[in-house]
Amino acid sequence: EAKRLGINKIFIPKGNAPEGSVVEGIEVYAAESVNEVVKHLTGEELMQPVKAQDYKKTAPRAPEPDFADVKGQYEAKRALEIAAAGFHNVLLIGPPGAGKSMLAKRLPSILPEMTFEESIETTKIHSICGALQEGASLITRRPFRAPHHTVSPTAVSGGGTVPRPGEISLAHNGVLFLDELPEFRRDAVEAMRQPLEDGQVTISRVQGSQTFPSQFMLVCAMNPCRCGWYGHPSGRCRCSAQSVRQYQTKVSGPLLDRIDIMVEVPALEYEELRSRPSGETSAAIKARVDAARERQHSRFGDGLRSNARMSPAEMERWCALSPECSALMKSAFDALSLTARSYDRIRKVARTIADLDGAEAIAPEHIAEAIGYRTYDIWEERK
């Protein structure tokens, strides 16, 4: 902010030296006390500016979990690839032990690298909360936040006497993972609805209000019923139809409307479990994701934009449907009782699938695949 205002010299606490030194074009002095600053300004004892750090030369990263470790689950991996390419929200539905959490934790390994602007934004939020690691200069790895289901609404959206960012802001430019979604407090989950649309959250208090950014990718996981085995061919589920519906309706319709991709993660068969993992590596998937993101960058002229963040005007331009695509959409709209928001999200997902294919226009097969990712709607219809 000082650089933006044309200030060329700034004094900061010594503990903030690593993060302050990544901003080029400004002299940064790290002081242990105000007295040290006074001595410098009076010429009694001059301080030396902190040596500027190149934000690209970060410490070696710890190895990330790789998609190559995941056995089977090809549809779910494809869905997460699409989600990463367009920054879409995802819901994974399946029985216990199917690999929902395992898949979600590997999502950061295929997300595009952070730009300098994204790193600065994310670092500011974590710095405000005192959540930066000791000696960290800049956050260069997209955040992955996974709060426990007992988290409060304030912890999710932010708050306090002096407003502080919550989980949705700490996940800015990254992933917010909610495991066992129906177990979260209803008011905590519903607090995310507006930030998911606006990309920011405003916290109002008597002293004033604060607005924090919250452009995050929401990834949720849930069982299909309380015991987790509803719909499994083994018939091990003993939940009544009413119990299944009560469990599923813990997740509100308005929240589901804000999720772009819903995919079932089935239990693996024995032969799949005993085989060695043979799936693609995260590096191979990430290469396709990066190529799709580059197409979006060329389209929007902004490296921070993605298909999931398209405005209505941009959708009309970039998600135009051919007569064949329109006929397919109409059939799905009537059969699944989709809302206007669901209709828009299907078109955005189809645009991302087309980008992964390198296609200029959305084709019927792209629409068909995007419709297939409204699994929850199909599931309800099947019941």
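The values are calculated or read from the model by the stated rules, or taken from the named source; none is laboratory data. Every value quoted in this text rests on a predicted model; they were computed, and no experiment measured them. FYI the Cβ positions are ideal-geometry reconstructions off the backbone, even for glycines, and counts take in every protein chain you see. Ligands, DNA and RNA are excluded from the accessible area calculation, which covers all protein heavy atoms including side chains. Shrake-Rupley method; radii C 1.70, N 1.55, O 1.52, S 1.80 Å.
So here's what we get for this one:
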read-out: Single unsatisfied condition, PRO18 versus (1) open to solvent by less than 60 Å² (accessible area, probe 1.4 Å); (2) at pLDDT 90 or above; value: (2)
read-out: Some residue of the stretch 294-305 being in contact with a helix residue (DSSP H, G or I) (Cβ under 9 Å, 6 or more places away or on another chain) and crowded, with 18+ Cβ neighbours inside 10 Å; value: yes
read-out: Single match in GLN200, GLN215 (criterion: under 19 Å from ALA308 (Cβ atoms), of a type in the set (S, T, N, Q), under 14 Å from the mean Cα position of the chain (by Cα) and crowded, with 19+ Cβ neighbours inside 10 Å); value: GLN215
read-out: Residue, nearest to ARG193 (Cα to Cα), within the stretch 235-267, restricted to residues that are among the charged types (D, E, K, R) and open to solvent by less than 50 Å² (accessible area, probe 1.4 Å); value: ARG258
read-out: Some residue of the stretch 216-233 being of a type in the set (A, V, I, L, M) and assigned to a helix (DSSP H, G or I); value: no
read-out: When residues of the stretch 287-316 are limited to those that are of a type in the set (A, V, I, L, M) and over 20 Å from ASN89 (Cα atoms), the one nearest to the chain's Cα centre (by Cα); value: ALA287
read-out: Unmet requirement for ASN35, which otherwise passes all of (1) open to solvent by 60 Å² or more (accessible area, probe 1.4 Å); (2) in a loop (DSSP other than H, G, I, E, B); value: (2)
read-out: Close pairs (9 angstrom Cβ cut-off, 6 or more residues apart or separate chains): of a type in the set (Lys, Arg) in the stretch 142-166, part of a loop (DSSP other than H, G, I, E, B) and open to solvent by 20 Å² or more (accessible area, probe 1.4 Å) anywhere; value: ARG142/GLU113; ARG142/MET114; ARG164/CYS129
read-out: Any hit, the stretch 278-287, residues being assigned to a helix (DSSP H, G or I), of a type outside the set (Ser, Thr, Tyr), out of contact with any His (no Cβ under 7 Å at 6 or more places or on another chain) and open to solvent by 70 Å² or more (accessible area, probe 1.4 Å); value: yes
read-out: Test: PHE116 is of a type in the set (Phe, Trp, Tyr) and modelled with pLDDT under 90; value: yes
read-out: Enumeration of residues in the stretch 282-298 that are within 22 Å of TYR74 (Cα to Cα) and in contact with an Asp or Glu (Cβ under 6 Å, 6 or more places away or on another chain); value: SER282, ILE285, ALA292
read-out: Spans of helices (runs of 4 or more DSSP H) in the stretch 114-214 with at least 2 residues over 26 Å from SER101 (Cβ atoms); value: 116-128, 193-198
read-out: Residues that are closer than 20 Å to THR122 by Cα and among the basic types (Lys, Arg), drawn from the stretch 139-198; value: ARG141, ARG142, ARG145, ARG164
read-out: Which listed residue, of VAL90, VAL162, VAL156, is β-branched (Val, Ile, Thr) and open to solvent by 20 Å² or more (accessible area, probe 1.4 Å); value: VAL162
read-out: Residue in the stretch 69-91 that is farthest from HIS297 (Cα to Cα), counting only those that are touching a Leu at 6+ places or on another chain (Cβ under 6 Å) and not in a loop (DSSP other than H, G, I, E, B); value: ALA76
read-out: Output for the stretch 9-40, where each listed residue is among the acidic types (Asp, Glu) and in contact (Cβ under 8 Å) with a residue 24 or more places away in the chain; value: GLU19, GLU24
read-out: The stretch 319-341: number of residues that are in contact with a helix residue (DSSP H, G or I) (Cβ under 8 Å, 6 or more places away or on another chain) and either open to solvent by less than 70 Å² (accessible area, probe 1.4 Å) or in a loop (DSSP other than H, G, I, E, B) (or both); value: 12
read-out: Residues satisfying the stated conditions in the stretch 92-113, i.e. among the small types (Gly, Ala, Ser) and part of a helix (DSSP H, G or I); value: SER101, ALA104, SER109
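Per-residue answers, yes or no, for (1) at pLDDT 90 or above; (2) aliphatic (A, V, I, L, M); (3) on the phi < 0 side of the Ramachandran plot:
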residue	(1), (2), (3)
VAL37	yes, yes, yes
LEU41	yes, yes, yes
ALA52	no, yes, yes
PRO60	no, no, yes
ALA83	yes, yes, yes
SER109	yes, no, yes
